[in-house]
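What follows is a short report on a single structure.
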């Protein structure tokens, strides 16, 4: 990147990371009128299901499922005051989700209206996943499963990552009238293996779409809803989904597939469109190699031609956990490699994991991460905020097990919103 007249010499906010938390931070900050530089790429979003969890399981050990994520938040605040979600009030969380889903909708990825409930979504394993935010293309499946209406599930020969027959075998005993069928994908009859992204792009063609619908219609029978693997379009899934629903005359829904998935591609593309449309400047291949803090933060970058430094009034660390290299596990210790911040972790390597791999309480290493104050400013070795304008958001935070608690998006969006609100207050005070 070279400096131009349209790029500030000192950015209001530098966001390090481009996963769910990094994207949410950049989006919220840009919406507040701040100049935003985002460093890193969002490849991890390819593993997303498209579902936006808030909080569904608490306590983990008893695996209690909550119908209302906001009731679950109240329980977290009471039972685990150091949990990141305990520091996000309901109004802030609602505002974060409304802003996030509104931006996605404007980018072409519509979500069903949000309410105060978790919803059960049928998965490709035949299980029911509790979640809060449901893409509009999957919403009819929530009602179909709740009401157990006669339903047809379809798949395509050669699409090995999804089996409608297996789903029916798993859940069919509790869902009378659920049945499956397999069809040939138009134009791919000679192919032995199909890929979801290729099918999604092909279904954006009117011809392919019409041929597929023609194959499905004779199979409808008494079905009052039809489920497909999540391949109904890529860049215009709403259009493709609506076309199938109108032609078949019954509600149509997608079922999330295994990662990497088409819903993950859609989410990544929509978020990239949303942040760029709001003026966020992105350094996709950049990475922070070191930082110095004074009145402003000066970040040294790698991964850009010749290397360079950038300055910002606030920095948000949204680098994720181990897969995103936000945390690095050595032989004895877990470290934070970007800024060298201390990591809260089990006292010894021997206690990272329970002896029972399937321990319902999870493993202590899953709760390792950065300790922060109430507005997510990470602590240094003395237990105080490392720098007033430095924040950490998302799964890098200590005290949570987002996968078992079903709260990944909740932590990403909620902590990002709190951090951005604090940045706005601080910069306004200056």
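Read the figures in this text as sums done on the coordinates, not as results from a lab. Because the structure is predicted, anything quoted here is derived from the model rather than measured. Here the Cβ is made from the backbone with ideal geometry for all residues, glycine too, and neighbour counts use every protein chain on show.
Here are the numbers for this structure:
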{"read-out": "Listed residues 266, 179, 349, most fluctuating in the chain (Gaussian network, C-alpha, under 10 Å)", "value": "349"}
{"read-out": "Inter-label distance, nm, simple model (7 Å from Cα along the C-beta direction), residue 195/residue 371", "value": "4.6"}
{"read-out": "Approximate spin-label separation residue 333-residue 112, in nm, with each point projected 7 Å along Cα-to-Cβ", "value": "4.8"}
{"read-out": "Using alpha-carbon coordinates, inclination of helix 20-31 to the longest axis of the chain, degrees", "value": "70"}
{"read-out": "Top of 141, 383, 42 by mean-square fluctuation, Gaussian network on the chain, Cα under 10 Å", "value": "383"}
{"read-out": "Relative contact order computed over the chain (Cα-Cα under 8 Å; 6+ residues apart), in percent", "value": "24"}
{"read-out": "Whole-number percent relative contact order across the range 124-255, with pairs defined as alpha carbons under 8 Å at least 6 apart", "value": "32"}
{"read-out": "GNM flexibility winner over the chain from 45, 283, 55 (Cα, springs under 10 Å)", "value": "283"}
{"read-out": "Helical contribution to [θ] at 222 nm, DSSP H n ≥ 4, -39,500 (n - 2.57), averaged over the chain, rounded to 500", "value": "-9500 deg cm²/dmol"}
{"read-out": "Alpha-carbon centroid distance for the pair the range 30-100 / the range 161-210, whole angstrom", "value": "32"}
{"read-out": "Three-way shape call for the range 88-195 based on the alpha-carbon gyration tensor, with the a/c threshold at 1.5", "value": "oblate"}
{"read-out": "Shape of the range 251-367, Cα gyration tensor, a/c cut at 1.5", "value": "oblate"}
{"read-out": "Separation in nanometres of the label points that stand 7 Å from Cα toward Cβ, at residue 68 and residue 300", "value": "5.3"}
{"read-out": "Over 18 Å [Cα-Cα, the range 124-255], rounded percent", "value": "50"}
{"read-out": "Overall form of the chain per C-alpha gyration tensor (a/c, 1.5; a/b vs b/c)", "value": "prolate"}
{"read-out": "Angle in degrees between helix 136-147 and the longest Cα principal axis of the chain, rounded to the nearest 10", "value": "60"}
{"read-out": "Burial ranking of peptide ranges 82-88, 374-380, 12-18 (average Cβ count within 10 Å, highest at the top)", "value": "12-18, 82-88, 374-380"}
{"read-out": "Cα-derived Rg over Rh, computed across the range 25-74 with Rh taken as Kirkwood radius", "value": "1.15"}
{"read-out": "Rounded tilt (10° steps) of 408-429 against the dominant C-alpha axis of the chain", "value": "40"}
{"read-out": "For peptides 65-78, 118-131, 182-195, sequence by mean Cβ density within 10 Å, most packed first", "value": "118-131, 65-78, 182-195"}
